[in-house]
Structure formats: structure tokens, C-alpha cells
1. Run the reach check for A:Lys107 against lysines, Cα to Cα strictly under 28 Å, same-chain hits fewer than 8 apart removed. What comes back?
2. Counting other C-beta atoms within 10 Å, which of A:Thr109, B:Thr19, A:Thr46 has the fewest, and how do the rest follow?
3. Under the rule of -39500 (n - 2.57) per DSSP H run of 4 or more residues, summed and divided by the residues of chain A, what mean residue ellipticity at 222 nm is obtained, to the nearest 500 deg cm²/dmol?
4. Could you tell me how far the Cα centroid of region A:173-225 sits from the Cα centroid of region B:40-88, in Å?
5. Which whole-number percent is the relative contact order of region A:1-150 (Cα, under 8 Å, 6+ apart)?
6. Quick check on the protein assembly as shown: of the DSSP beta bridges with both residues there, what percent are antiparallel, nearest 5%?
7. Just need the relative contact order of chain B here, percent rounded to a whole number, with Cα pairs under 8 Å and 6+ apart.
8. Could you tell me what % of all Cα pairs in the protein assembly as shown have separations over 27 Å?
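Here, each number is a calculation from the coordinates, and none is a lab measurement. Being a predicted model, the structure only gives us computed values, none of them experimental. Neighbour counts are summed over all protein chains in view; Cβ atoms, including those assigned to glycine, are modelled from backbone coordinates with ideal geometry.
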Amino acid sequence: MLTKDEQEKYARQIMLKGFGLTGQEKLKEARVFIAGAGGLGSSSATYLAAAGVGTLRIVDHDKVELSNLNRQVLHWHEDIGKRKVSSARDKLKHLNPQVAVEAIEEKITQANISQLVAGCDLIVDAMDNLPARYLLNKTAIKNNIPFFHGAVYGFEGRAMTVIPGKTACLRCVYRGDVPEETFPVIGVTPAVIGCIQATEVIKYLAGMGQLLANRLLVYDGLNMKFTEFKVKKDPNCPHCGKPAKGKK
Amino acid sequence: MSVTVNLGTGLRRFTNGKTAATVEGNTVGQCLDELVKQFPKIKPRLFDRKGKLRNYIDIYVNKESARPEGLAKPLMDGDEIHITLIIAGG
């Protein structure tokens, strides 16, 4: 049930056809897991908090560094040295005090991932390395939790939405690995992709529109082009394929 | 067959910044070989020492995955290939 204050705050989105009070209530009831409080996490969490998602559970084990500030806009100069999850929680609570922020300072690992995502309705992939993304994808499939993938490099970004049991997952699309590295990135790229992830989350929760499912969206900021690739569920996928389910 | 090969952003430093190239070939593999002839420096980024396509490269034909045929996938005149690299930054 929305309060009078909430109805006023969200009036401009409540008036959207197909969204309404029901959509807003669905957002309020949701608990969203945001894996990473970096560039993608900053933009997706900001817009999910502003939209009135009830609970954001943000997990990250890093502290704020000077070199983060060109893109991780939840963290400011005064936050250098602070835990990223604390810095993120403080900004999001200032933006929207009605949103509950669960700030967890932990590294996401095979051992703790199931416990970390327990009770969450969906997962936003805002990580900075592929092994962690694969771990999140596998956990999402195993626990039947929708998974909202995003990744960036330089001026390029990607996004895809995974609905377990129904659509292609990240492992259906990506087979390989890339070395962990200090990657180049300009702040506007995770801003764009994080907002696409937040858009997908809002649509999913409100039950509106067409999700970015079975479609990999590639954003080329330098040439300002969006290209969409059709992707298919792989019956032999090591994460969601039936014959080999459970393998890495 | 004349085919357009679109290059992902991570490959353009090997093609003098070009975003696409026109090549001749009947399969994805032939088109990639032609691409390498035009831009030899791209070869080690696409293939390992044994000539196998690197596992961080994804190929799409007319915006659909080239799997399962991969390099053997036959092409038609006017087809479009996209070569992309997995990215993982956040």
C-alpha cells in the first residue's frame, strides 16, 4: 500500500499507461540484488532507488579509490577510503529515504553466493569480471531468479536479460573467458548500460513492455550505434542446458 | 560472395580504426581469412597458434549467432558478419 507521500513522489510514473498504482506497489515490494557498487552499480542503483524499489541489497568488497570517481558516481571525493557499500547506501538514502538499502561488504564467492541472494527477487549483474558474472548467472538459473546482465569496456557496453528456464542465459551466449585487467572506461558508458539494466528491472517488476530476452544489445558509444543480436537458448549450455546442468 | 564484416570496438585498433570491411568468401572461415589478408595484425587477436578461433570471439551472421557451424557456416551474397569480443568491465 502506498502512502500519500509516495503517491505524490511517484505520480509521474504512476500516470504511465500499464504502470499505475499497481506497478508502483510491485516496485515497493521488491528486493533487488545489485552485485557490485562500481560504475554499473552506481547508475542502476540510483535509478532503481529513485523509482521507488522497496529494498536494494548491494554487495561489494572494495573501498573507494580516486581512480573510481570518473564513473562510479555514487562515490564522491570525500568518500575515498570508505567502503563502497557504505558510500552507496548513504547517497541512496539521501536520494530516497523510503528505500531500504542493505549494504553488504563481502566478496561474492561460490561459497556465499546462495546466502547473499536469498530472499531477492532478481539480480543485477554489475560486476567487473567474467568469473563472477558466470557465478551469478549459474546461481540465478539454479534459484530461478531473473538476471540482468550488463558489461562495459571503453565506449562499448552490452546488456541482456535472462529469465531462467525460458530464455538464453549468459553461458548460452559467452563460452570463453577474458583475463582480469584494469580496463579502460569512460563514465558515460556504465551510465548508459546501468540505466538500461534499471529499465529492464522496472519493466520486469511492473510487468510491462518487452524484455531484452534472447537479445544481446551492444552499444557502441563512439559511433552512437545500438546493435541487437538474436541469441538462443543452448540445449547443451553448462548452466541452463538439461544434459550438463550443474557443471561449470 | 561479397560479404561485409563488421568489427567490434576491440578489433578496430588492428584495422586503422575501420569499423567494417568488404571481403569475398563462401563461408565465415573464408571471410575471416580474407579479413586477415587485408589486416594481418588482426590474426593473433582472432586465432590462436593452432589456427583455432579464440574463445572470447563471438561471430554473428546477419545478427544471429554463427553457432554451431562456426567458421564452416555457409554465406550468401550480401550477408553481414559481426565479430565481437567478450567484455567484462563494470
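1. Within reach: A:Lys28, A:Lys63, A:Lys82, A:Lys84, A:Lys91, A:Lys93, A:Lys138, A:Lys142, A:Lys245, A:Lys247, A:Lys248.
2. Details: A:Thr109 11, B:Thr19 16, A:Thr46 21.
In order of increasing Cβ crowding within 10 Å: A:Thr109, B:Thr19, A:Thr46.
3. Values: 9 runs with 87 residues, N = 248.
Calculated from helices alone, the mean residue ellipticity at 222 nm is -10000 deg cm²/dmol.
4. Cα centroid of region B:40-88 versus Cα centroid of region A:173-225: 21 Å apart.
5. Values: 252 pairs, mean separation 36.0, N = 150.
Here the relative contact order equals 24 percent.
6. On the way: 33 of 57 bridges.
So the antiparallel bridges in the protein assembly as shown amount to around 60 percent.
7. This gives 39 percent for chain B.
8. Roughly 47 percent, once rounded to a whole number.
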